[in-house]
């Protein structure tokens with residue numbers, strides 16, 4: 001299949017929806033001779049921060065010359081973003097080859113009645129990643145759990161380390177109505193005797209995870225057990241963090257913006273410490289360098305400075321609070337907030353955190369069947385209707401925002417990683433010319449793209 005046909009096939013698979021259970025993945029992996037058993041795996045779950053922690057751990061390993069696979073979701077623009085070795089995305093030709101190969105394997109298993117239905121979209125991406133990593137002889141792979149943990153496709157693997165970053169109320173129609181139930185689902189990744197690194201701070205959720213770890217005799221590493229061991233200091237336009245682990249002090253400023261990234265880095269340090277104990281020797285200096293150089297798009301990503309344009313995938317209350325904290329500390333109010341969100345999110349609560357920080361709000365949507373309409377969001381946010389406009393076309397929303405400000409203005413795009421990805425289709429940054437260009441009508445700015 002060519003790329004267009006591969007995407008069409010994946011769209012069809014995605015239209016079949018979500019189903020729980022690991023049998024399909026195990027059946028296909030067995031047919032593929034269990035590629036996931038050929039390398040060591042670190043599996044990372046959590047409500048927020050897991051993608052950033054995955055990026056930090058992968059960068060730490062890459063700096064130690066470890067050939068490391070990385071599997072994450074969702075993608076922002078191109079589906080190949082989900083599968084990388086080090087910083088390198090899977091080549092499009094390889095991606096198409098493996099989709100074509102897996103489609104034939106799956107159809108064969110269905111014909112032989114070993115599968116009743118095809119794997120889901122996420123399951124197929126997981127299978128593709130594991131096959132690709134095996135073919136390319138990676139030494140280690142970092143896998144980001146999709147939703148939950150207990151029935152997530154990545155949970156078929158036998159990790160050497162697991163981690164749970166945070167727990168917050170999300171996907172409650174699937175994971176449970178309270179933090180304890182959600183934590184139970186996330187704790188489904190814990191394996192007997194395998195250490196679990198936990199950055200969870202909510203006591204209710206932490207108790208659930210710790211109880212599951214004890215039940216499976218899995219060492220439970222509580223990253224923030226000693227609250228005095230984690231400190232932050234604001235220095236001009238950035239944070240300096242200090243984290244103490246086993247009497248060893250780590251001082252760092254992550255490349256990624258936000259106070260929450262300091263906590264994510266502390267989780268990554270603990271994962272690195274477990275790798276050091278169980279897999280291979282890691283150096284403190286390279287661990288810190290990995291944290292300070294790891295990049296992850298769509299997470300408090302500043303793509304322009306004049307005007308200031310920020311993209312962030314905050315999609316739940318915890319993420320919205322972290323974003324608002326950053327705005328209050330370093331930005332103040334924003335000229336225009338472009339907001340779009342998935343159905344099922346706590347729109348009213350999220351809006352009450354973010355909307356007061358904007359002078360003007362444009363509600364839009366993204367091209368995904370789970371997107372809310374601007375009018376649906378407006379019905380939850382009538383207290384702010386005096387500064388809200390609705391524009392269902394995201395490209396027009398962006399054009400309107402850009403045209404309404406000058407170089408001293410600011411735009412925040414948030415509510416979902418899907419709207420971040422949608423907007424990235426319309427914006428591109430030229431690193432050589434240091435110019436932000438709006439593709440449809442040629443607006444350019446001089447954004448000063450240096451970090452910090």
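Derivation of every value follows stated rules applied to the coordinates shown; laboratory data play no part. Source: prediction; values computed, not measured. Here the Cβ is made from the backbone with ideal geometry for all residues, glycine too, and neighbour counts use every protein chain on show.
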Protection proxy ranking, peptides 183-195, 308-320, average beta carbon neighbours within 10 Å, highest first: 308-320, 183-195
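What order, most packed first, do the peptides 17-25, 141-149, 369-377, 286-294 have when packing is the mean number of other Cβ atoms within 10 Å of each residue? Can you show the working numbers first?
Values: 17-25: 14.2, 141-149: 24.8, 369-377: 17.2, 286-294: 21.1.
The most tightly packed comes first, giving 141-149, 286-294, 369-377, 17-25.
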Difference of contour (0.36 nm per residue) and Cα-Cα distance, residue 104 to residue 137: 9.6 nm
Value in Å of the Kirkwood radius, where the chain supplies the Cα pairs that are averaged: 22.7
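Once you sort the root eigenvalues of the Cα gyration tensor of the range 301-445 as a ≥ b ≥ c, which label holds: rounded (a/c under 1.5), prolate (a/b larger than b/c) or oblate (the other case)?
Because a/c hits 1.5 or more and a/b exceeds b/c, the range 301-445 counts as prolate.
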Prolate/oblate/rounded label for the range 36-98 (Cα gyration tensor, a/c 1.5): oblate
Separation of the residue 202 and residue 367 label points, Cα + 7 Å toward Cβ, nm: 3.5
Amide N of the range 309-350 lying under 15 Å from the label point, which is placed 7 angstrom from the Cα of residue 382 along Cα→Cβ: 348
By average C-beta atoms within 10 angstrom, highest first, the peptides 399-412, 380-393: 399-412, 380-393
Length-normalised contact order of the chain in % [C-alpha pairs under 8 Å, at least 6 apart]: 14
